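Here the structure is laid out as structure tokens; the discussion comes afterwards.
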Amino acid sequence: MERYGIGVDLGGTKILAGIVELGTGKIVSSAKKKTVPAPKDGKDRDHEKENDLVRRIGDTIDEALAGSGLPGNTRFNGIGVGAAGQVDRAENVLVFAPNLGVKPNYALGALLRDRFKLPVALGNDVEAATLGELKYGAGVGCPDFVCVFIGTGIGSGIVQNGQLRKGATGTAGEIGHIVINAEGRLCGCGGRGHLEAYSSRTAITRTLLGELKRGRKSILTELLAEEGTIPDPNAASSIAIRSKIIARAIEADDELVKHVVREAAEFLGLGLASVINFYNPERLILGGGLMEAVDYLFEITTREAKFEALRLPASTIEITRTGLGDFSGLTGAALFTG
Ligand SMILES: [Zn+2]
């Protein structure tokens, strides 16, 4: 008998839900919806907004279930959610998830359990994606590796002896906040010169939009106009230019985009070189939409990391992209139920 789990990758921009065959990692079906950003003002809308998040997650799960073709009496182990934020696993609440537009200590676990009458397990999104890669992705057969995901911020999951290493306070892997430039840019956390202030998707987007605003010529202006929107660099912390647009600009040999992506990749390479020296992993697995779509980013990051790291650990390190791509988080979240 096959065992099935429902996995949800809950990010700041999209909800991805899917049905996963737990014994093989096979994704039977999946569905996607926008997370919808938090309202900018109007405190009285908070309650409505919170119900809205559960409703949207529930609807995404329903869509995945409908597309699965599984018989109506199929039994599911439960629902696993990998959420972009801090999670209390024991209480099944989102402790702090500003990117999801909900108040602290949001009882996501109980709300989903009420709707689907299934057990619910919450975890962090990076933890879920790393678990997915460990069991069914680029980490298979590799006991010591680090997964690094480039997104709104930069997070990583550490695997040691085939187990996820969470650290004394459960916060191990906060690679986005390692210092790469002591007097450098201000980071979202309040610190200075942290990696994610240079190499996150948010940092790359902000730099590009700032340069456009200064009047720099770039094919981006046309590509963004085709999309119908030019994001305001000062508008939000989670602004993003779509990965495909960045990839297209680089294919067109656009000087500005190549320069900005190269700089971000070089800083990322420095950060990864420190990880290679400190942890001496067998493998580094790089993920996130931009890393998947933009070869130029992956290639420069890899070259820089190997060049900057000490000779011996650099001589054996394998740097690859994720094996499951967009589905690492969904697969790992389903495994929370297994
Ligand atoms: Zn920081």
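Between Lys14 and Thr221, residue separation times 0.36 nm minus the direct Cα-Cα distance comes to 72.0 nm.
For the range 130-260, what class follows from the C-alpha gyration tensor (a ≥ b ≥ c being the square roots of its eigenvalues): rounded when a/c is under 1.5, otherwise prolate if a/b is larger than b/c, else oblate? Prolate shape, in that a/c is at least 1.5 and a/b is the bigger ratio. Placing a pseudo-label 7 Å from each Cα along the Cα-to-Cβ vector at Arg165 and Tyr296 gives an inter-label distance of 3.5 nm.
Projecting label points 7 angstrom from Cα along Cα→Cβ for Asp62 and Arg192 puts them 5.2 nm apart.
Note on Ser274, Ser315: ascending count of other Cβ atoms within 10 Å places them as Ser315, Ser274, the fewest first. When Cys142, Cys189 are arranged by Cβ crowding within 10 Å, least crowded first, meaning fewest neighbours, the order is Cys189, Cys142. Compared with the alpha-carbon gap, the fully stretched path from Ala182 to Lys32 is longer by 50.0 nm at 0.36 nm per residue. Here the 3J(HN,Hα) profile of the range 15-22, calculated from phi with Karplus coefficients 6.51, -1.76 and 1.60 at θ = phi - 60°, is 9, 10, 10, x, 9, 10, 7, 5 Hz, Gly and Pro shown as x.
Annotation for Asn280 and Lys244: the two label points, set 7 Å from Cα along the Cα-Cβ direction, are 4.5 nm apart. Comparing Val120, Ser199, Phe278 along the charge dipole axis of the chain, the residue lying farthest to the positive side is Val120, per the Cβ-charge model. Here is the list for the range 134-237: trypsin sites (Lys or Arg not before Pro) lying in DSSP coil, each with at most 13 other C-beta atoms within 10 angstrom of its C-beta, are Arg214, Lys217. Which shape class applies to the range 107-194: rounded if a/c is under 1.5, otherwise prolate when a/b exceeds b/c and oblate if not, where a ≥ b ≥ c are the square roots of the Cα gyration tensor eigenvalues? Oblate shape, in that a/c is at least 1.5 and b/c is the bigger or equal ratio.
Report, in deg cm²/dmol and to the nearest 500, the calculated mean residue ellipticity at 222 nm for the chain, where each DSSP H run with n ≥ 4 adds -39500 (n - 2.57) and the sum is divided by the residue count. Computed ellipticity for the chain at 222 nm equals -12000 deg cm²/dmol.
Treating r as the C-beta distance of Ala314 and Asn73 and R0 as 56 Å, the FRET efficiency rounds to 0.55.
Listed values for the range 57-66 are Karplus-derived 3J(HN,Hα) couplings in whole Hz (6.51 cos²θ - 1.76 cosθ + 1.60, θ = phi - 60°), namely 4, x, 5, 5, 4, 4, 5, 5, 4, 5, and x replaces Gly and Pro.
Taking other C-beta atoms within 10 Å as the exposure proxy, Phe278, Phe298 rank Phe278, Phe298 from fewest upward.
None of the figures in this text is laboratory data; all of them are computed from the coordinates on show. The structure displayed is predicted, hence computed values, not measured ones. Here the Cβ is made from the backbone with ideal geometry for all residues, glycine too, and neighbour counts use every protein chain on show.
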